[in-house]
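For reference, the structure discussed in these notes is given below.
The values are calculated or read from the model by the stated rules, or taken from the named source; none is laboratory data. Bear in mind that the values here come from a model prediction, so they are computed numbers and not experimental data. So basically every Cβ, Gly included, is an ideal-geometry build from the backbone, and we count neighbours across all protein chains shown.
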Amino acid sequence: MSATMTASTSAVAIRRSTPLGDAWRRYRRNRLAVVGGVIALAIILVAIFAPVLAPAPYDYAVITETLQPPSARHLLGTDEVGRDLLSRMIYGARTSMTVGILVPLIGTMIGLVLGGLAGWFGGWIDFIVLRMVEAMTAIPSVIVALVLVTIYGAGLDHLILFLGLTGWVGVTRLTRAQFLALRDREFVVAARAIGTPGWRIMVQHLLPNAAGPIIVVFVLGIPGAVFGEAGLSFLGLGVQDPIPSWGKMITESAPYMQQAPLLGLLPVVGIGLTMLSFSFVGDGLRDALDPSALE
């Protein structure tokens, strides 16, 4: 009876053991990753529900209430033109998350195509893609984006596009390496033997097996995109008024730091929390999705 119950319990445990379940258990063991995930989720929710959470429109200004300290009317005070600072911070989170998600998404889409073609076909396609990667590696992507913004103009849409168009190098390298490692595996050879088209093999077989590391790179690209947006906005080449941006808020607060230090400190804290939380999430996902991780 005891042996039967033990065997039944083992069978249930085996049935409940899935790749996603195992990854989730490994992720939960990383406390920093869990805390980072909670903070990142909170920032994303604030960005999504900004119109509901913000006590006032982000561009509503009252000239007679400039540089007000925190009060019941303005929980975090007001800025130099009388706009509610809490509303600006909330909408600044929306700007950061918009950039932080769309920029890596554009870079990932480009990198998947280039890296997949180079890794699958090899030959002259691989040669051209590698030369493109080397050329982009020689010049920092932020510098390229800075030049493009200077030439074609600033703005949120331009910023997202230019940062995304220069952020594909890492994903391209990773995708190429993953496809090179997988294209000679048994399941790929079997798919070729039955006449499966190459594009279907890449989409249905190679890409799912390479998804783990690519997801990690995508998540780790979010803090980099947020920092890039903040840096360009700090220089006045990023998001333009009246759209709030944490980087631009830091620049605008410089002359008023002694009178109203929260104007500069709060955006710095927002950028720092965003970058740290998504970095912790990326590190946790990297360990959780590592197939060699031990239970």
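Points to keep in mind about this one:
- Residue pairs whose Cβ atoms lie under 7 Å apart, separated by 6 or more positions or on different chains, with the first residue in the stretch 223-234 and β-branched (Val, Ile, Thr) and the second at pLDDT 85 or above, are VAL226/SER96; VAL226/VAL99; VAL226/GLY100; VAL226/ILE271; VAL226/THR274; VAL226/MET275.
- Of the set (1) in contact with a strand residue (DSSP E or B) (Cβ under 9 Å, 6 or more places away or on another chain); (2) in a helix (DSSP H, G or I), all apply to VAL81 but (2).
- Test: ALA211 is in a helix (DSSP H, G or I) and either surrounded by 15 or more Cβ atoms within 10 Å (Cβ to Cβ) or out of contact with any Ser or Thr (no Cβ under 6 Å at 6 or more places or on another chain) (or both): yes
- Flag for ASP79 being touching a helix residue (DSSP H, G or I) at 6+ places or on another chain (Cβ under 6 Å), under 30 Å from ARG200 (Cα atoms) and either touching a residue at least 12 places away in the same chain (Cβ under 8 Å) or among the basic types (Lys, Arg) (or both): no
- Number of the exception - ILE201 against (1) within 20 Å of the chain's Cα centre (by Cα); (2) farther than 30 Å from ARG28 by Cα: (1)
- Within the stretch 58-80, considering residues that are among the hydrophobic types (A, V, I, L, M, F, W, C) and in contact with a Leu (Cβ under 9 Å, 6 or more places away or on another chain), the one farthest from ILE271 (Cα to Cα): LEU67
- Flag for ALA93 being crowded, with 20+ Cβ neighbours inside 10 Å, within 24 Å of SER253 (Cβ to Cβ) and not β-branched (Val, Ile, Thr): yes
- Test: residue in the stretch 170-181 that is modelled with pLDDT under 85 and more than 17 Å from PHE227 (Cα to Cα): no
- VAL219 more than 30 Å from ALA61 (Cβ to Cβ), buried (at least 16 other Cβ atoms within 10 Å of the Cβ) and touching a residue at least 40 places away in the same chain (Cβ under 8 Å): yes
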